[in-house]
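Nothing in this text is a laboratory measurement; each read-out follows from the coordinates by a stated rule. No experiment lies behind these values; they were computed from the predicted model shown. Neighbour counts are summed over all protein chains in view; Cβ atoms, including those assigned to glycine, are modelled from backbone coordinates with ideal geometry.
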Amino acid sequence: QVQLVESGGGLVQVGGSLRLSCAASGFTFSTHAMSWYRQAPGNVRKLVARISATGTTTTYVDSVKGRFTISRDNAKNTVYLQMNSLKVEDTAVYYCNVVRMNADYWGQGTQVTVSS
């Protein structure tokens, strides 16, 4: 079965950095695009970044462009989200996502808290 396990969240001050990881299993990782979403308290879950199966194409929500970088290592079945210049408004639970056979799969999420 599909499993996505996020790690790397934590508490960081404004301007700091964190690197999230998502270890995937149960499907052919190298043939699937991967995404990171986030959900702040009281808000809906929103797309942050997406990377194509080969890693050649990436997209970002405007609010994180120039600060976040999504990448993947197909040999390790892992997708990453490097987050720099963090802001208070980046505080959220971050989720890894894959769409496989028209079904969405999610990890358990990892909390990112940015304090001022």
In segment 86-104, the residues that are under 19 Å from Thr59 (Cβ atoms) and of a type in the set (Ser, Thr, Tyr): Tyr94, Tyr95
Among the residues in segment 50-60, are any touching a residue at least 40 places away in the same chain (Cβ under 8 Å), of a type in the set (Ser, Thr, Tyr) and under 21 Å from Asp104 (Cβ atoms)? no
